[in-house]
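The values are calculated or read from the model by the stated rules, or taken from the named source; none is laboratory data. Remember, predicted model here, so these are calculated numbers, not experimental data. Every residue, glycine among them, receives a Cβ derived from its backbone with ideal geometry; neighbour counts consider all protein chains shown. Surface areas here come from the heavy atoms of the whole protein model, side chains and all, with no ligands, DNA or RNA. Shrake-Rupley method; radii C 1.70, N 1.55, O 1.52, S 1.80 Å.
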Amino acid sequence: MSLLTRFKRALSALREEPRDPIERWLMGLPMFKALSQAGIEIGESDAVKIMAVYACIRVIASEIAATPVQFLRNTPTGKERVPGRLATLLRYEPNPEMTASDFKRTMTLNLELWGNAYAEIVRNRSGEITSIWPIPAWRVTKKRDEKKNLYYSVMVEGGTAATLKDSQMLHLRAMGSGIVGMSFVALARDALGLALAAEVYGSNFFKNGAMASGIATYPRALSQEALDNFKTSFRESYEGLTNAQRIMFLEEGLKFQQLTIPNNAAQFLETRTYQMLEVCRFFGVPPHKIAILDRATFSNIEHQSMEFDQQCIQPRIIQWEEELRRVLLTKAEKESGCFFKFNLNSRWRVALATKTAYYTSMRQNGILNANEIRELEDMNPIPAEDGGDDYLINGNMIPITAAGRQDAPGQKGGGE
């Protein structure tokens, strides 16, 4: 077989839609679609192309991906970091082909679009976890066997299904039955269809719309040749973005009646803005996070950012922490007080002046010491002998243990 023949066959194969679901996923082709009320088919691959959807998922995924995961253990004196393979997997490299941030970003994309995110947990013969691999959500189905035990059926190459036990799968789920989550696209299909219809309308308006579009009338009958020539001339001269706003010249008594509804009359921009706000409302993302700044001010953006952390990111982080503890830790590790913690303290978006005022108040009232504040800021502690663990109170900033004594350090004796 010649090289040219091989090239032609390869090119023909690329043009054909692959039948294998694995190839469909790798090529980014849609898997499941359904018709929305706007008359447009919507699937996950269509939804993520809507800019508001992509922007909301990007914001959420970036926040979670940038937050480090710590493997900790509760001790009588507080908590301590637990070294080892498991801590390294989640902090830096869950598998040989992905970084921790890539892994969390991929899982978040699946969770927000499909309502479920899956990752296979690979263990060696001794039971030690060696890697964690994300699996596209559409390939996985959660079922129960005859004994009512949960397991996962995973579609693999060739159309066959592999079975994984519940202990072999890291499963993050959106709101739903508690066993599986509900799909974002299935719930918001009509809203997404309207948003996509508005985008298609806007694209077609600038592609085909003539600003003077309407009905051309002629007092007598036109021959077919004259009609064809008029249509060709009209399209070349007046339709399309580059020909918009041009002056129209008509010959031989032709009259033109404008029929185009102006975009402001059709509330085109308002519809697009409202649909973007609908997407933000669904994900719980403040509009200013995706650059919708119509009602944003310096003061309310700060508070909306705090609400974003508390109401959008924090619940997802807690879900991560609980699921990681449930499936990755042994019974002995759980009983010894081991747990996973996303370090959100370094992600605070409070204004610097607000944060400084908070720390100052907590420090001066003896609630936090210097080392506890430094830990919140991911800074190394001050040695105890240098006062890093001392608690102070407002006034002369004396140690709290000396506050009740009459002759406190730095004060003159008041009694005889």
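A few notes on this one:
- Search result, residues across the stretch 137-150 that are within 27 Å of the chain's Cα centre (by Cα) and open to solvent by less than 60 Å² (accessible area, probe 1.4 Å): ALA137, TRP138, ARG139, VAL140, LYS142
- The sole residue among ARG272, ARG295 that is touching a Gly at 6+ places or on another chain (Cβ under 9 Å) and either at pLDDT below 85 or open to solvent by 90 Å² or more (accessible area, probe 1.4 Å) (or both) is ARG272.
- Selection count where residues are in a strand (DSSP E or B) and open to solvent by 60 Å² or more (accessible area, probe 1.4 Å), scope the stretch 169-187: 0
- Subset of the stretch 151-168 [in a strand (DSSP E or B) and either crowded, with 16+ Cβ neighbours inside 10 Å or not small (Gly, Ala, Ser) (or both)]: TYR151, TYR152, VAL154, MET155, THR163, LEU164, LYS165
- For beta carbons closer than 6 Å, sequence separation of 6+ or different chains, a first residue in the stretch 29-55 that is closer than 14 Å to ALA198 by Cβ and at pLDDT below 80 and a second that is open to solvent by less than 60 Å² (accessible area, probe 1.4 Å) and hydrophobic (A, V, I, L, M, F, W, C), the qualifying pairs are SER36/ILE42; ALA38/ALA197; ILE40/LEU196; ILE40/ALA197; ILE42/LEU192.
Residue-wise test of (1) among the polar types (S, T, N, Q); (2) modelled with pLDDT under 90; (3) not in a strand (DSSP E or B).
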site	(1), (2), (3)
LYS104	no, no, yes
ASN110	yes, no, yes
ALA117	no, no, no
VAL122	no, no, no
THR130	yes, no, no
PRO134	no, no, no
TRP138	no, yes, yes
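- Contacts under 6 angstrom Cβ, first residue in the stretch 77-97 being small (Gly, Ala, Ser), partner outside any helix (DSSP H, G or I), 6 or more apart: ALA87/PHE71
- Taking the stretch 74-102 as the range and being outside any helix (DSSP H, G or I) and open to solvent by 70 Å² or more (accessible area, probe 1.4 Å) as the test, the residues that pass are ASN74, PRO76, THR77, LYS79, GLU80, ARG81, PRO83, TYR92, GLU93, PRO96, GLU97.
- Residues of the stretch 59-73 satisfying the condition of being assigned to a helix (DSSP H, G or I) and surrounded by fewer than 17 Cβ atoms within 10 Å (Cβ to Cβ): SER62
- So ILE22, is it modelled with pLDDT of 85 or more and either within 28 Å of SER305 (Cβ to Cβ) or in a helix (DSSP H, G or I) (or both): no
- Residues (open to solvent by 80 Å² or more (accessible area, probe 1.4 Å) and β-branched (Val, Ile, Thr)) located in the stretch 352-381: ILE367
- Test result for ASN116, in contact with a Leu (Cβ under 8 Å, 6 or more places away or on another chain) and within 30 Å of SER153 (Cα to Cα): yes
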